[in-house]
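Report on the following structure.
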Amino acid sequence: MIYKRSSALFVEAKKYIPGGVNSPVRAFKAVGGDPIFVKKAKGAYLYDVDGNKLIDYIASWGPLILGHAYEPVINAVIERAKKGTSFGMPTEIETELAKLAVSMVPNIDKIRFVNSGTEACMSAVRLARGYTGKDKIIKFAGCYHGHSDSFLIQAGSGAVTFGSPNSPGVTQGTAKDTLLAGYNDLESVRELTVANKGEIAAVIIEPVAGNMGCIIPQEDFIKGLRALCTQENILLIFDEVMTGFRLGKGGAQEALGIAADIVTFGKVIGGGLPVGAFAAREDIMDHLAPDGPVYQAGTLSGNPLAMSAGLAMLTELDKNPGIFRSLAEKTSYLHEGLEDVLVKNDIPHQINRFGSMVSIHFTDEPVIDFKTSAKGNNDTFKKYFHGMLDHGIYLPPSAFESYFLNDALSYADLDKTILTLQHIAADLK
Ligand SMILES: *Cc1c(COP(=O)(O)O)cnc(C)c1O
């Protein structure tokens, strides 16, 4: 495929925008080459500025679970825009979306809307600290909770892709309150709770991790984590920015059968517009301003355009819960097809999958945490990424990202993807 115009646009973008992008992982740095500039998209397909058509396995990094330019969402946004785009006053649609979200997700009574997953996680931690009166938090190596200071400690996603899991600019004072545990390593959490007894406000986790590739929580780990938090009076925060409204109506809480104390959302809940949210039972949420002392606010929070997209999206998912099964089946089909090709061609690999999240790691060892994820062969990954891209398959440009399937993908698209891997497999060795 030819990417002439994309490359020219990237040169121009780099003159005015740092690295030419407004979010680092878009820049293709981990895989080399220039990023593709998109012109428009519909369903499962992207159309770029050079006239190429690509099958999309990212879907805006998760939000577009029903595919691009999904009619009910687009129409809701258009109709809403005609009435004005922002008021800084309450609107009925905020309550409608809140009511629907609360009805779909277990263990939450109230929800507060913000503008991104970053804001949601940052605010959830402040709330946990205000509620418990304690300062420290525990996070897991390789988990990503947005780019606020407390979380850029061994962070996943773009932070690790670019080799800056601990970012300059985060003060020692902030960093000392974030304690680091190993994913699927309950003992490491237990040790931290012993060494910092009575000081830990919250444990924050991606209940199914997606920012070091897809990593599934082992059953005794996640159950043990819940029990340990309860025992130590620590709030368990499920960062469901990726898993919320993707693994099922009730997200990972429902899929894993584990109740969290605070849940954060982003991605799907905004249907492709900037929405994040955090939610909990009433006695926790009532600590927030204006009812309680924990301050949190936003000029564009609960923005009516964003709410209308989120409401249209969640309404579809609520009406048609079969979508989650259909997506999981498609993902499983893709998993088996790709696995088959890799096995036949003797390429060392692990494929991790949970619902509609999946990722390939080019390593012999089971991938269960950040350390094992980092062992993947990046040279093989680069060849795989570019080989697939040359044939019109758009995968996440980093081995530390999950794929996000969308329900507009057809079995013909999945077959084409599997055949493409077969076609390029010899080059991967
Ligand atoms: C994407 C993501 C975030 C950050 O959300 P933004 O909207 O990019 O700020 C936080 N947590 C998880 C698990 C994510 O996948």
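How much accessible area does Leu180 have with a 1.4 Å probe, in Å² rounded to the nearest 10?
Estimated to the nearest 10 Å², Leu180 gives 70 Å².
Only Lys, Arg, Asp and Glu count, each charged at its Cβ (+1, +1, -1, -1), so figure out the dipole size of the stretch 71-319 about its Cα centre, rounded to 20 debye.
Computed about the Cα centre, the dipole is about 300 debye.
In the Gaussian network model of the chain, springs joining C-alpha atoms below 10 Å, which of Val263, Val275, Val194 carries the largest mean-square fluctuation?
In the Gaussian network model the winner is Val194.
Please name which of Ala312, Gly84, Gly272 has its Cα lying farthest along the dipole of the stretch 71-319 towards the positive end, using unit charges on Cβ (Lys, Arg +1; Asp, Glu -1) and the Cα centre as origin.
Result: Gly84.
Identify, among His287, Ser373, His386, the residue whose Cα sits farthest towards the positive end of the charge dipole of the stretch 279-429, taking +1 on the Cβ of Lys and Arg and -1 on the Cβ of Asp and Glu, with the dipole about the Cα centre.
His386
How big is the dipole moment of the stretch 183-311 about its Cα centre under a simple scheme where the beta carbon of each Lys and Arg is +1, that of each Asp and Glu is -1, and everything else is neutral? Debye, nearest 20, please.
Dipole of the stretch 183-311, to the nearest 20 debye: 380 debye.
Using a probe radius of 1.4 Å on heavy atoms only, what accessible surface per residue do you get for the stretch 71-319? Whole Å² is fine.
Per-residue value: 38 Å².
How do 369-381, 338-350 rank on mean C-beta neighbours within 10 Å, highest first?
369-381, 338-350
For Asn166 and Asn75, calculate 0.36 nm times their separation in residues minus their Cα-Cα distance, and state this gained length in nm to one decimal.
Using 0.36 nm per residue and subtracting the Cα-Cα distance, I get 28.6 nm.
Please report, largest first and rounded to whole Å, the three semi-axes of the ellipsoid equivalent to the chain, where each semi-axis is the square root of five times an eigenvalue of the C-alpha gyration tensor.
In descending order, the three semi-axes are 33, 27, 21 Å.
At 7 Å along Cα-to-Cβ for each site, give me the label-to-label distance between Arg281 and Lys375 in nm.
The two pseudo-label positions are separated by 4.1 nm.
Tell me which residues come under 5 Å, amide H to amide H, from Gln154 once H is placed; ignore anything under 5 positions away on its chain.
For Gln154, the qualifying residues are Asn166.
Take every DSSP beta bridge whose two residues both sit in the chain, then give the antiparallel share in percent to the nearest 5.
60 percent
Taking the chain as a Gaussian network, where each spring joins two C-alpha atoms under 10 Å apart, which residue of Gly173, Gly270, Gly51 fluctuates the most?
For the chain, modelled as a Gaussian network with Cα springs under 10 Å, the answer is Gly173.
Past the 18 angstrom mark, what percentage of all C-alpha to C-alpha distances in the stretch 227-330 do you count?
So the portion of pairs separated by more than 18 Å is 57 percent.
For the stretch 71-319, give the percent of accessible area contributed by carbon and sulfur heavy atoms, probe 1.4 Å, rounded to a whole number.
Details: 5040 of 9560 Å².
Taking all protein chains in place, the stretch 71-319 shows 53 percent carbon and sulfur surface.
Using only the Cα atoms, what convex hull volume per residue in Å³ does the stretch 61-184 have?
Measuring per residue, one finds 186 Å³ for the Cα hull of the stretch 61-184.
May I ask you to list the trypsin sites (Lys or Arg not before Pro) in the stretch 1-89 that are in a DSSP loop and have at most 16 other Cβ atoms within 10 Å of their Cβ?
Within the stretch 1-89, the qualifying trypsin sites (Lys or Arg not before Pro) (loop, at most 16 other Cβ atoms within 10 Å) are Lys82, Lys83.
List the aspartates and glutamates whose alpha-carbon lies under 19 Å from that of Lys15, not counting same-chain residues fewer than 8 positions away?
The reachable aspartates and glutamates, counting only those whose Cα sits under 19 Å from Lys15, are Asp34.
Which lysines, on any chain, are close to Lys139 with Cα under 27 Å apart, when same-chain ones fewer than 8 places away are left out?
The qualifying lysines are Lys29, Lys110, Lys176, Lys197, Lys223, Lys249, Lys267, Lys371, Lys375.
Give me the compactness ratio for the stretch 269-374, meaning the Cα radius of gyration over 2.2 N^0.38 Å.
That ratio works out to 1.59.
Work out the length of the dipole vector of the chain about its Cα centre, built from +1 on the beta-carbon of each Lys and Arg and -1 on the beta-carbon of each Asp and Glu, and round it to the nearest 20 debye.
The calculation lands at about 1000 debye.
How long are the semi-axes of the ellipsoid equivalent to the stretch 380-429, from square roots of 5 times the Cα gyration tensor eigenvalues, in whole Å, largest first?
Working through the eigenvalues yields semi-axes of 18, 15, 8 Å.
The values are calculated or read from the model by the stated rules, or taken from the named source; none is laboratory data. Everything quoted here is computed from the prediction, not taken from an experiment. Neighbour counts run over all protein chains shown; Cβ positions are idealised from the backbone, glycine included. Surface accessibility is based on the protein's heavy atoms, side chains included, excluding ligands, DNA and RNA. Shrake-Rupley method; radii C 1.70, N 1.55, O 1.52, S 1.80 Å.
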